[in-house]
Amino acid sequence: MINIEPIKAFSDNYIWLVTTNEGSIVIDPGEADKTIKFLRDNTLNLKAILITHHHFDHTGGISDLVSTHPVQVFGPKNDIAEIDSRLSAGDKINVIGIDFEIMELPGHTLDHIAFYSFNNGNPILFCGDVLFASGCGRIFEGTYEQMYQSLLQIKSLPENTKIYSGHEYTLSNLNFAKTVEPLNKNIISRYNEVEELRKIDLPSLPTTLELELKVNPFLRFEEKDLKESIKDKINVQNNSKEVFKVLREWKDNF
């Protein structure tokens, strides 16, 4: 059995802690102190660290963490010294009994990867800052084309995939989604649900791909309803890639 829970870091980061009967792993430990305390308080045996990309809020705790828990660090091909197993698209790893396949998802950063497991028909995806609940990452290093292709990769996964993103951005993302598609009842319902969760400081994650296909404009760029809703911003000839670019530029200035 797999248990997955968030460790809150900084103002809105989630460090994901995954535990099976073989031990625990953490994904993107931006802060070490909270992670070490959580492991100690819950008597957990850390077996590995997984990294999605090089940004400090996802990697800043690695050094202190491996000094107290000398475990293998899996991550992308970048210059983070503590990563000792550098992974590319299609690589497969097994940690704490979970088989992960590596997806390369550039756009937010050039080195961005994600960890996907089919998990016996209950798939899980740790996607860092590529896809958020009801949103997607800013394009810092890559191109719109790269981010578009990365999102298409995620869209191709099974719809019951549980998605574990790196930040609690859901309410603000849904505010934008409501502006894009004000008549989308799924978005309105999801907004009300997340608003109640956040009032009592509960995470809005994980989400599912099935839900995101209904409420996330950055996965709905092919949908006729979305295109109709923003017809004042696009030409009818716009293909889905161009619609995505319009949405991302709009969100950057929202």
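What follows is calculated from the coordinates using simple rules that are stated; it is not laboratory data. These figures come from a predicted structure and were not determined experimentally. Because the Cβ atoms are built from the backbone with ideal geometry, glycine has one as well, and the counts that use them run over all protein chains shown.
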| query | Magnitude of the Cβ-charge dipole of the chain, K/R +1 and D/E -1, about the Cα centre, nearest 20 debye? | reply | 520 debye
| field | Long-range amide H partners of residue 208 with built H, under 5 Å | value | 163
| query | Along the positive direction of the dipole of the stretch 1-66 (beta-carbon charges: Lys, Arg +1; Asp, Glu -1; about the Cα centre), which of 10, 36, 21 reaches farthest? | reply | 21
| query | Do the sum for the chain: with -39,500 (n - 2.57) for every DSSP H run of n ≥ 4, divided by all residues, what is the mean residue ellipticity at 222 nm, to the nearest 500 deg cm²/dmol? | reply | -9500 deg cm²/dmol
| With respect to the cross-link table entries 185/224; 8/251; 92/214; 178/224, which display a Cα-Cα separation exceeding 22 Å? | 8/251; 92/214
| note | For residue 128, the residues 5 or more places away or on another chain with a placed amide H closer than 5 Å to its own amide H are 166
| remark: Placing each pseudo-label 7 Å from Cα in the direction of the beta carbon, residue 1 and residue 200 end up separated by a distance in nanometres of 2.2 nm
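Sorted by mean Cβ packing within 10 Å, highest first, what order do the peptides 111-122, 86-97 take?
Order by mean packing, descending: 111-122, 86-97.
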| request: Give the peptides 146-153, 40-47 in descending order of average Cβ contacts within 10 Å, highest first. | output: 146-153, 40-47
| said: Whole angstrom only: what separates the Cα centroid of the stretch 124-157 from the Cα centroid of the stretch 9-48? | reply: 24 Å
| query | Can you run phi through the Karplus equation (6.51, -1.76, 1.60; θ = phi - 60°) for the stretch 99-109 and list ³J(HN,Hα) in whole Hz, with x for Gly and Pro? | reply | 8, 10, 10, 8, 10, 8, 10, x, x, 4, 9
| said: Restricting to bridges with both residues inside the stretch 3-252, how much of the DSSP beta-bridge set is antiparallel, in percent to the nearest 5? | reply: 70 percent
| task | Calculate one ³J(HN,Hα) per residue across the stretch 210-221 by plugging θ = phi - 60° into the Karplus curve 6.51 cos²θ - 1.76 cosθ + 1.60, and present them in order as whole Hz with x for glycine and proline. | result | 4, 5, 4, 5, 9, 10, 9, x, 7, 10, 10, 5
| query | Expressed in nm to one decimal, what extension gain is obtained for the pair residue 213 and residue 41 from 0.36 nm per residue of sequence separation less their Cα-Cα distance? | reply | 58.1 nm
| task | Have a look at 218, 56, 176 and tell me which one the Gaussian network model of the chain (Cα, springs below 10 Å) gives the largest fluctuation. | result | 56
| message | Whole-Hz ³J(HN,Hα) for each residue in the stretch 45-57, computed from phi via Karplus 6.51 cos²θ - 1.76 cosθ + 1.60 with θ = phi - 60°, x for glycine and proline: what do you get? | response | 9, 6, 10, 6, 10, 10, 10, 9, 6, 7, 4, 4, 6
